Amino acid sequence: MSHPSLSRAAQGAASRERILQAALELLGKRGYAATSVSAICERAGVAKTALYWHFGSKEGLLLTLLKRTRTTWIEEIQKSTSEAGDPAGRLDRFVAGLRRLVEHHHEILCLHKSVTLEHADLHPEICDEMRRIQDRITGAITEGIEDALGRRIPGLDLAAFTALSLLDRIAFLYRLDPDGIDLDRLFEHAKEMIGLAIRRAIQHAEAAGADRNGGKP
């Protein structure tokens, strides 16, 4: 015997997913202001009323999408930095995780880039969510590095900044010409730059410790 209520619930969940996927694709390509509710619903194959039913407004849709992509992004970073191994091996896995984001989730990076560029015209709640995303991602990278090193190192936020800056640029180039860039070369360079930023943070921390101990390491 069929259950109409369950069928309606399943249909509602499916339409919600289609709206989110359509929004992710369009907002990353066109930007928030240039993407209409009509365009999102047309891509998703749903009526406008479905979008408003699930999300309340276009702003509500974007906020839900940002929260979901934050989870995906942070989980990828945590997965790539939490496995056991020496620091060099874990750095390799972290950079490989960044590459997976570019190759398999570049639409997430495009979305965050476009929203960041339009932040002045967006609802304060969306801007607050973007700040939370950046703080959480920076924290996830920093915690992963500290776990690999087995100690807390002040200044590792700059290593996270280096990683995210390189990721942003590589994702931009990949979006322009995915077949025309050498990802092996770019991510090998990224690994070197992130490693350098980590080593500098360690050196500064050790120098500060030596100063506190009267010149003794």
Checklist entry - Residues of segment 147-183 being at pLDDT 90 or above and acidic (Asp, Glu), which ones? => result Asp157, Asp168, Asp177, Asp179, Asp182
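Given the criteria in the same structural domain as Leu186 (by TED's automatic domain parsing), among the small types (Gly, Ala, Ser) and over 22 Å from the mean Cα position of the chain (by Cα), does Ala88 qualify? Show your work before the answer.
Details: in the same structural domain as Leu186 (by TED's automatic domain parsing): yes; among the small types (Gly, Ala, Ser): yes; over 22 Å from the mean Cα position of the chain (by Cα): yes.
Considered against the rule, which asks whether it is in the same structural domain as Leu186 (by TED's automatic domain parsing), among the small types (Gly, Ala, Ser) and over 22 Å from the mean Cα position of the chain (by Cα), Ala88 comes out as yes.
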Checklist entry - Between a first residue in segment 58-74 that is among the aromatic types (Phe, Trp, Tyr) and a second residue that is in a helix (DSSP H, G or I) and crowded, with 18+ Cβ neighbours inside 10 Å, which pairs have beta carbons less than 8 Å apart while being 6 or more apart in sequence or on different chains? => result Trp73/Leu101; Trp73/Ile108; Trp73/Ile133; Trp73/Ile137
Next on the checklist: Given (1) farther than 30 Å from Arg30 by Cα; (2) free of Cβ contacts under 8 Å to residues at least 40 places away in the same chain, identify the lone condition not met by Ala148.
Outcome noted: (2)
Checklist outcome for this item: Scanning segment 17-45 residue by residue, those in contact (Cβ under 8 Å) with a residue 40 or more places away in the chain and not in a helix (DSSP H, G or I) turn out to be Gly31, Tyr32, Ala33
Checklist entry - Looking at (1) farther than 13 Å from Ile108 by Cβ; (2) modelled with pLDDT under 85, can you tell me which one Phe55 breaks? => result (2)
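Is it true that some residue in segment 160-173 is of a type outside the set (A, V, I, L, M) and outside any helix (DSSP H, G or I)? Can you show your working first?
Quick first cut of segment 160-173, residues of a type outside the set (A, V, I, L, M) only: 161-162, 165, 168-169, 172.
Checking the rest, the ones that are also outside any helix (DSSP H, G or I) come to none.
There is no residue in segment 160-173 that is of a type outside the set (A, V, I, L, M) and outside any helix (DSSP H, G or I).
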Checklist entry - Out of His106, His119, which single residue is touching a Phe, Trp or Tyr at 6+ places or on another chain (Cβ under 9 Å) and farther than 29 Å from Arg151 by Cβ? => result His106
Checklist entry - Of all residues in segment 103-119, how many are under 28 Å from Asp184 (Cβ atoms) and not in a helix (DSSP H, G or I)? => result 1
Checklist entry - Looking at (1) part of a helix (DSSP H, G or I); (2) buried (at least 16 other Cβ atoms within 10 Å of the Cβ), can you tell me which one Ile153 breaks? => result (1)
Item to check | Members of segment 58-92 found to be surrounded by 18 or more Cβ atoms within 10 Å (Cβ to Cβ) and within 21 Å of Ile194 (Cβ to Cβ), listed by number | outcome: Trp73, Glu76, Ile77, Ser80, Thr81, Arg90, Leu91
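Just name the residue that is nearest to Ala96 (Cα to Cα) out of those in segment 115-145 that are small (Gly, Ala, Ser) and surrounded by fewer than 18 Cβ atoms within 10 Å (Cβ to Cβ).
Keep residues of segment 115-145 that are small (Gly, Ala, Ser), which gives 120, 139-140, 144.
This time we only want the ones that are surrounded by fewer than 18 Cβ atoms within 10 Å (Cβ to Cβ), so: 120, 139.
Numbers: Ala120: 33, Gly139: 19 Å.
Of everything passing the filter in segment 115-145, Gly139 is nearest to Ala96 (Cα to Cα).
The values are calculated or read from the model by the stated rules, or taken from the named source; none is laboratory data. All of these numbers come straight from a predicted model, not from anything done at the bench. Note that we place each Cβ from the backbone using ideal geometry, even for glycine, and neighbour counts take in every protein chain shown.
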